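The values are calculated or read from the model by the stated rules, or taken from the named source; none is laboratory data. Since the model is a prediction, treat every value here as computed from it, not as a measurement. Quick reminder, even Gly has a Cβ in these numbers, built from the backbone with ideal geometry, and neighbours come from all protein chains shown. The protein model used for the area step is the full one, side chains on, heavy atoms only, and it has no ligands, DNA or RNA in it. Shrake-Rupley method; radii C 1.70, N 1.55, O 1.52, S 1.80 Å.
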Amino acid sequence: MSDYKMEELAYEINLESAKLTKQACSELSTTEKPRFIWPNFTYLLALSPDVNNSGFRNVTFDELVDVIYRVYSRFD
């Protein structure tokens, strides 16, 4: 978003995206085929912020779990 000077909209866009995704999952879920939402942390987890240490990540598994719980608790 910073490329377009729209950083202040990132939260609102992501929140609305999550709401629409949850709505779609709810509409498409059946007892036989439940639908679930899982955040895409691929970019966050795939790239190291340290070019000299490709295995380094600046986020822990526990931090990711905490974020996931906080995000999904907003929709209950």
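Full extension of the chain segment joining V65 with E8 gains 18.0 nm, where the gain is 0.36 nm per residue of separation less the Cα-Cα distance.
Here the chain exposes an accessible surface that is 58 percent carbon and sulfur, computed with a 1.4 Å probe and the other protein chains kept in place.
Across the protein chains, with a 1.4 Å probe defining accessible surface, the residues Y11, Y4 rank Y4, Y11 from largest area downward.
In this simple spin-label model, placing a label point 7 Å from the Cα along the Cα-to-Cβ direction at both A18 and V51 gives a separation of 3.3 nm. With θ taken as phi - 60° and the Karplus curve 6.51 cos²θ - 1.76 cosθ + 1.60 applied, the whole-hertz 3J(HN,Hα) list for the range 19-33 is 5, 5, 5, 5, 4, 4, 4, 4, 5, 9, 5, 10, 4, 6, 9 Hz, x standing for glycine and proline.
Between N58 and C25, the modelled labels are 2.8 nm apart [label points 7 Å from Cα along Cα→Cβ]. Of the listed residues D66, D50, D3, the order by accessible area with a 1.4 Å probe, largest first, is D3, D66, D50. Here log10 I(q)/I(0) by the Debye sum over Cα atoms at q = 0.11, 0.15, 0.24, 0.26 Å⁻¹ was calculated from the structure, and among (1) -0.31, -0.58, -1.28, -1.33; (2) -0.42, -0.74, -1.19, -1.22; (3) -0.33, -0.54, -0.96, -1.05 it sits at label (2).
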